[in-house]
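The values are calculated or read from the model by the stated rules, or taken from the named source; none is laboratory data. In this text, all values refer to a predicted model and were calculated from it rather than measured experimentally. Here the Cβ positions follow ideal geometry from the backbone for every residue, glycine too, while neighbour counts run over all protein chains shown.
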Amino acid sequence: MANTIWQDDGDKQRVRDASDIVRIIGEVVALKPKGREYGGLCPFHDDHNPSMAVVPHKQIFHCFVCGTGGDVFTFVRKFHKMEFREALEYLAQRAGIELKPRRRETNEGGQEGISRQQIFEANAVATEFFKAIYNHPEHGRAARAVVEKRGISSEMVEKFGIGASPDRFDGLLLTIRNKQLDPRAFAEAGLLRTKIETGHMYDTFRDRLMFPITDVIGRPIAFGGRKIKEEDEPKYLNSPESRVFNKSATLFGLAQASRAIQVQRTAVITEGYTDTIACYQAGLENVIATLGTALTREHAVILRRLCDRVVLLFDGDEAGQRAADRAAEIFFSEPLDVVVATLEKVTDAKDPDELLKREGGLDLLRRAIGAGVDVLRYRFARVARTVAGGGIAVRSRAVEEEVARLAELGLSEVEPVRRRMIIRELARLADIGEETIARAIPVARGARKRPEQAIQSPAPAAESAGTPSALARLATGSLRTIEALVGCALCDPSLLGTLDRESGELLSPERFETAELRELAGVLLSMPEGGPRDLNTLLPLLTTTDSQSAATILQARTDRETGSDADRLKRHWSECLRLAHIESKRSAPAMPTGDTETLIARIAQAADRSQRHGANLKIYPKAGGR
């Protein structure tokens, strides 16, 4: 693994200029044009109503609810959990820009811990190793025979990075040693295991067809290994979870299908790797798969940012029905249309892979998808089958249990039209009036708050600006006067040139409560007067994504509140400056002589008069004496 970091030497600016923030964000969030901007669901909080704006002419993004914002580097770092160097390298590679490398300084003795980036690199090395084995005339013969039997084309092998692991315990391990790589990174990635008795390492995957599992931008984060010999067990062996791989938040094939899902506004979810690949090969490119697990809340959040409709292509057996029930609960409060499609209505094929090998299979599969049933109707129909032939007591008990479960999931908070449709289905199931069902819905004790509603209270003084509630306060709560001044200066940096020495001290970093705002104020004031001080110039100088978010949201909020009007901005600046002087006088050190309570009363009276008639700063005594 390369032992290098990247020099700046203008690299940041070149990469930023070559990166279209709308395209970068649009690959993971469905964006819709709104005037000069684009809007979408914010991926940094539980957003149900689009609150993130992407501004092409400024090349920034910001969320008006949670306060996250910044430039293209900020987004890539926060969304993909990258260090700055990783984000720079990733964006440079996309833009075809060659960066200038230099040697990385390592800790003495080379005992530094394994980083996330090293785990990514270990997975990348393993991917290339498995590809080489697959293409080897002898070692890859059995794997290629399996692929040929499954009807997977060479194009799909390349598209999905399919490879093979050798039939030995040290195939990958020998490669690691020959390349003088750190085996600890491969162990953390789950590619190597250690024998407890001897302490010796050995390969996790042996004699298996290897399917790389990638994140949404195509970086290998784990592997699924399918047995080649029929007698081997288990049939599938997946990588364990790691710092880069969360099985519950990963969907196989999403990197390949993301664009088609956004274009078609629909995602089709299958139950396996080969089903997904077979669909993609047949021309259905909006197909993905879970990793042998049930759908999770994390999956639902990913999908709602990309599409409006989800098709669950499940088996019609008992396991498939349970999976559909689980999906109904997972997606219940999501703004998505979710339908269940089963093959049993159109064919006797057991899965999409088998169906697509038959003549006319694609048409039958499309018909099955088109005949999908709303997931709640599917669930209610299943309940109806279980109580069929039962008496009133059986039906009423089933409906009561269903209503109670849906109430736990937030039925009372579902939008009215959808709630009415659900009530109608339940009433039909129980053969009773809709009003009776409606009255049976328990009223939630204390309305449940979505995360974006619960994070808007002002942050305590000691809280970091980088915490969700603190950034949300900058976005939607009450700003301190000096924070409003920073917002004005970010909109029009020339305002800083109007400050005298005393006024300039109002923006001293030590006056701010959080490290992020202190850094922002310090960088803003230290930028040369003659040079550019705009947001795009400032953001690269801030060391954390939270500082960048604070800067972006303060600028966006001020711009919105002043209507992008220069005169209104200057009036706002003047008023904030006046109030900041008053507040500064209030917080001046106590007088060495005189009655403190009298002084406080005088300041309060003066502040009241200033609100009505304008400030008279002469009435405020100077600190240290009369």
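Is the stretch 307-315 home to any residue that is touching a residue at least 24 places away in the same chain (Cβ under 8 Å), of a type in the set (A, V, I, L, M) and in a loop (DSSP other than H, G, I, E, B)? Checked the stretch 307-315: no residue is touching a residue at least 24 places away in the same chain (Cβ under 8 Å), of a type in the set (A, V, I, L, M) and in a loop (DSSP other than H, G, I, E, B). Selection of the stretch 176-213 for residues being touching a helix residue (DSSP H, G or I) at 6+ places or on another chain (Cβ under 6 Å) and either over 21 Å from G113 (Cα atoms) or modelled with pLDDT under 95 (or both) yields D203, L209, M210, F211, P212.
Can we say A53 is in a strand (DSSP E or B) and of a type in the set (G, A, S)? Yes, satisfied. Of the residues in the stretch 202-221, none is of a type in the set (D, E, K, R) and not assigned by TED's automatic domain parsing to the domain that holds E121. Note on the stretch 480-565: enclosed helices (runs of 4 or more DSSP H) holding 2 or more residues that are surrounded by fewer than 22 Cβ atoms within 10 Å (Cβ to Cβ) and at pLDDT below 90 are 501-504, 515-526, 535-538. Checking G190, G163 one by one, the residue that is small (G, A, S), assigned by TED's automatic domain parsing to the domain that holds M210 and touching a Phe, Trp or Tyr at 6+ places or on another chain (Cβ under 6 Å) is G163 and no other.
If you take the residues of the stretch 379-403 that are closer than 19 Å to F331 by Cβ and touching a residue at least 24 places away in the same chain (Cβ under 8 Å), which of them is surrounded by the fewest Cβ atoms within 10 Å (Cβ to Cβ)? Result: R382.
Among the residues of the stretch 137-158, those identified as surrounded by 15 or more Cβ atoms within 10 Å (Cβ to Cβ) and among the charged types (D, E, K, R) are R144, R150. Here E231 passes the criteria (1) under 21 Å from the mean Cα position of the chain (by Cα); (2) assigned by TED's automatic domain parsing to the domain that holds A189; (3) surrounded by fewer than 17 Cβ atoms within 10 Å (Cβ to Cβ) except the one numbered (1). One residue stands out in the stretch 5-54 among those that are free of Cβ contacts under 8 Å to residues at least 60 places away in the same chain and farther than 20 Å from S258 by Cα: the one that is surrounded by the fewest Cβ atoms within 10 Å (Cβ to Cβ), namely G35. Filtering the stretch 188-236 to residues that are among the β-branched types (V, I, T) and more than 30 Å from K149 (Cβ to Cβ) leaves T194, I196, T198, V216, I217. Of all the residues in the stretch 289-314, those that are crowded, with 23+ Cβ neighbours inside 10 Å and touching a Phe, Trp or Tyr at 6+ places or on another chain (Cβ under 6 Å) number 1.
Mind checking which residues of the stretch 344-355 are touching a residue at least 24 places away in the same chain (Cβ under 8 Å) and surrounded by 22 or more Cβ atoms within 10 Å (Cβ to Cβ)? Please lay out each step first, then the result.
First, the residues of the stretch 344-355 that are touching a residue at least 24 places away in the same chain (Cβ under 8 Å): 344-346, 350-353.
Scanning the stretch 344-355 gives P352, D353.
Filtering T266, T290, T274 for residues that are outside the structural domain of R150 (by TED's automatic domain parsing), in contact (Cβ under 8 Å) with a residue 24 or more places away in the chain and over 22 Å from the mean Cα position of the chain (by Cα) leaves a single hit, T274. The residues of the stretch 234-257 include none that are at pLDDT below 95, among the small types (G, A, S) and either closer than 12 Å to A289 by Cβ or not in a helix (DSSP H, G or I) (or both). Do we find that F61 is over 20 Å from G10 (Cβ atoms), of a type in the set (F, W, Y), modelled with pLDDT of 90 or more and outside any strand (DSSP E or B) in this structure? Criteria not met by F61.
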